[in-house]
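The values are calculated or read from the model by the stated rules, or taken from the named source; none is laboratory data. Given the structure is predicted, the values throughout are model-derived calculations rather than measurements. All Cβ positions, glycine included, derive from the backbone under ideal geometry; neighbour counts span all protein chains shown. Ligands, DNA and RNA are stripped out before the accessible areas are found, and what is left, the full protein with its side chains, is counted by its heavy atoms. Shrake-Rupley method; radii C 1.70, N 1.55, O 1.52, S 1.80 Å.
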Amino acid sequence: MTLTELKYIVAVARERHFGKAAEACYVSQPTLSVAIKKLEDELEVKLFERSAGEVTVTPLGEQIVQQAQSVLDQAASIKEIAKRGKDPLSGPLNLGVIYTIGPYLLPDLVRQNIARTPQMPLVLQENFTVKLLEMLRAGEIDCAIMAEPFPDAGLATAALYDEPFMAALPAHHPLAQRESVSSEELKKETMLLLGTGHCFRDHVLEVCPEFARFSSNAEGIRKSFEGSSLETIKHMVASGMGVTLVPRLSVPANALKPRAKGRKEPEQIVRYLPVRDAHGGEPPTRRVALAWRRSFTRYEAIAALRNAIYACELPGVTRLS
């Protein structure tokens, strides 16, 4: 039994025609037919039913063809592994990203990656931190961009940047005309939160822990709402339903530009303000890090990904080396 013979039976099962299968394998039909007959004799089973102008796969042949395809896939992966060993930047890199980072980092990151390492395409997966950690440990992804803290047992990590939070308020809100807002002032507002499972929700609750109670009777709290994504929550803010905290990279570029005098521009319906600590401490931030398995051997690929991330604009964040 050879890989070539397995390739032939997979081609016949796909094409349902010996002549077309031979063309697909770049061999003559007699060569293909002889090889398949040899394999059938070796296995002592009939793989195909041949009739005038039609070829069907026998029930047992279906199972053998399916296994043959699996063997061919595994053989191809051996070549891919060897290729990566010669060039760690060759071949795809499976990257996971949490939901509150993906939409704001990935467009620029993908462009940078294509420009720098086109031979290493990124295969992207968005998910919650818990799920990405499971996928990392199972080998379903190679690395992940997440916000600390997260359990890092068995993982190597590299801090990428510190990202400040900004308050998002309706443009007509009394605080919206200020230069900044304090966490104490936000605690008196209706806070819009991401749903359970989003780590950014936990970050917001660290800044405003009172909202963890979800009590309409709690002092200074009227009601709290939950949204499925930051963009959904921004629309809720725009409609005047409350305020929220967002990571800096999620703030639209034109939202922080000074308005030109004498020039008509679309009126902003959401204002984004820096958040200051009421007691003079550091403003709230989150640390974004890259994590990968310690057993992952493509160190050059990880380094290339980090360089691509640092080549992104990343406005308003503090890059970490």
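For every residue, the table says whether it meets (1) assigned to a loop (DSSP other than H, G, I, E, B); (2) closer than 21 Å to G91 by Cα.
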residue	(1), (2)
V275	no, no
E282	yes, no
R287	no, no
A291	no, yes
T297	yes, yes
I302	no, yes
R306	no, yes
I309	no, yes
P315	yes, no
For G61, state whether it is of a type outside the set (S, T, Y), assigned to a helix (DSSP H, G or I) and in contact (Cβ under 8 Å) with a residue 24 or more places away in the chain.
yes
Quick check: anything in the stretch 225-240 touching a helix residue (DSSP H, G or I) at 6+ places or on another chain (Cβ under 9 Å), at pLDDT 85 or above and of a type in the set (V, I, T)?
no
Every residue from the stretch 78-104 that is outside any helix (DSSP H, G or I) and aliphatic (A, V, I, L, M)
L89, L93, L95, V97, I98, I101
Contacts under 8 angstrom Cβ, first residue in the stretch 13-28 being on the phi > 0 side of the Ramachandran plot, partner of a type in the set (A, V, I, L, M, F, W, C) and open to solvent by less than 20 Å² (accessible area, probe 1.4 Å), 6 or more apart
R16/V55
Any residue that is outside any helix (DSSP H, G or I) and more than 14 Å from I302 (Cβ to Cβ) - is there at least one of those in the stretch 105-119?
yes
Give the residue that is farthest from L290 (Cα to Cα), with candidates limited to residues of the stretch 87-122 that are aliphatic (A, V, I, L, M) and open to solvent by 70 Å² or more (accessible area, probe 1.4 Å).
A115
Note down all Cβ pairs under 7 Å where the first residue falls in the stretch 173-199 and is acidic (D, E), the second is at pLDDT below 80 and loosely packed, with under 14 Cβ neighbours inside 10 Å, and they're at least six residues apart or on different chains.
E184/A278
Checking E134, E80 in turn, the sole residue that is without any contact (Cβ under 8 Å) to a residue 12 or more places away in the chain and over 23 Å from R201 (Cβ atoms) turns out to be E80
Positions within the stretch 272-321 being open to solvent by 80 Å² or more (accessible area, probe 1.4 Å) and at pLDDT below 90, in sequence order
R276, H279, E282, R294, S295, T297, Y299, S321
Scanning the stretch 26-53 for residues that are open to solvent by 100 Å² or more (accessible area, probe 1.4 Å) and either touching a Leu at 6+ places or on another chain (Cβ under 7 Å) or of a type in the set (D, E) (or both) gives E44
Looking at the stretch 134-168 only, could you name the residues that are open to solvent by 30 Å² or more (accessible area, probe 1.4 Å) and either in a helix (DSSP H, G or I) or of a type in the set (V, I, T) (or both)?
E134, R137, A138, T157
Give me the residue from the stretch 19-34 that is of a type in the set (A, V, I, L, M, F, W, C) and outside any helix (DSSP H, G or I) and, out of that set, nearest to L47 (Cα to Cα).
C25
Mind checking whether some residue in the stretch 208-224 is within 30 Å of L136 (Cβ to Cβ) and either at pLDDT 65 or above or part of a strand (DSSP E or B) (or both)?
no
With at pLDDT 95 or above and not hydrophobic (A, V, I, L, M, F, W, C) as the only criterion, which of Q74, Q112, Q63, Q67 stands out?
Q112
Please work out which one of (1) open to solvent by 60 Å² or more (accessible area, probe 1.4 Å); (2) not in a helix (DSSP H, G or I) is the condition K131 fails and give its number.
(2)
Search result, residues across the stretch 172-192 that are of a type in the set (A, V, I, L, M, F, W, C) and under 7 Å from L273 (Cβ atoms)
V181
